[in-house]
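I have placed the structure first, in the form of structure tokens, so that the comments after it can refer back to it.
The values are calculated or read from the model by the stated rules, or taken from the named source; none is laboratory data. Treat the numbers as computed from the prediction; the structure is a model and nothing was measured. FYI the Cβ positions are ideal-geometry reconstructions off the backbone, even for glycines, and counts take in every protein chain you see. We work out accessible area using only protein heavy atoms, side chains counted, and drop any ligands, DNA or RNA first. Shrake-Rupley method; radii C 1.70, N 1.55, O 1.52, S 1.80 Å.
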Amino acid sequence: MVFMVDTIIGGRFLGADAVAIVAIGLPVISFMLSLMVLIIQGCFFTLLQYMGRGDKKGFQRIYSESLWLAIVLGVLCAFLAVCFAPVFAGFSGGARTGEMVAESAALYIRTTCCMVALYGIGSLLQVKLRCYGYEADNMLCSAVNVLSNVVISILAVQLLPAPMKIAGLV
């Protein structure tokens, strides 16, 4: 969903280069998000097993461990992206573009990767809500996440100085 919003806003407000920048960042951020989804789904099924057994202590322990794992993975992804964003952008197609697009793609990767940890924490909250049967609250969390991404992207694109506008697509 993030990339769809970023592509639409980038194409609408910033032009073809912004779409290219998002496309270059897509494989890197998708890989990081895939690792986070792996943790979240594993946590969800394990939590359901503990809940089915009525083991509330085990449930809380697994949830806490999963939350810490998501935070550690998010921080690791952010560190790698901040340190190696130009390399990642080059592997994803940035080497075949102009210098401005490649630099902006690295900036996009750096800013978007920070959302991986937040995505993990938010998704684990949704997992816990789902386990306890709070589907309406779970849907509300999803709606708030999507709406926040759209609003922040639009505001950042409109308010940031020209060289930093692509960083608003988070």
Subset of segment 90-117 that is open to solvent by 30 Å² or more (accessible area, probe 1.4 Å) and β-branched (Val, Ile, Thr) - its residue that is nearest to TYR50 (Cα to Cα): THR111
The residue from GLU65, GLU103 that alone is of a type in the set (Asp, Glu), out of contact with any helix residue (DSSP H, G or I) (no Cβ under 8 Å at 6 or more places or on another chain) and in a helix (DSSP H, G or I) is GLU65
Output for segment 36-54, where each listed residue is touching a helix residue (DSSP H, G or I) at 6+ places or on another chain (Cβ under 7 Å) and open to solvent by 60 Å² or more (accessible area, probe 1.4 Å): LEU48, MET51
Inside segment 102-139, can you point out the residues that are among the β-branched types (Val, Ile, Thr) and under 15 Å from the mean Cα position of the chain (by Cα)? ILE109, THR111, THR112, VAL116, ILE121
Among the residues of segment 118-133, how many are open to solvent by 20 Å² or more (accessible area, probe 1.4 Å) and of a type in the set (A, V, I, L, M, F, W, C)? 4
Right, PHE88: within 16 Å of ALA23 (Cβ to Cβ) and either among the β-branched types (Val, Ile, Thr) or at pLDDT 80 or above (or both) or not? yes
Scan segment 56-89 for residues that are open to solvent by less than 20 Å² (accessible area, probe 1.4 Å) and either over 19 Å from ILE40 (Cα atoms) or acidic (Asp, Glu) (or both) and report the count. 3
Looking at (1) open to solvent by 10 Å² or more (accessible area, probe 1.4 Å); (2) in contact (Cβ under 8 Å) with a residue 12 or more places away in the chain; (3) within 25 Å of VAL144 (Cβ to Cβ); (4) not small (Gly, Ala, Ser), which is the one condition that is false for ILE8? (2)
Does SER123 qualify as being hydroxyl-bearing (Ser, Thr, Tyr) and at pLDDT below 80? no
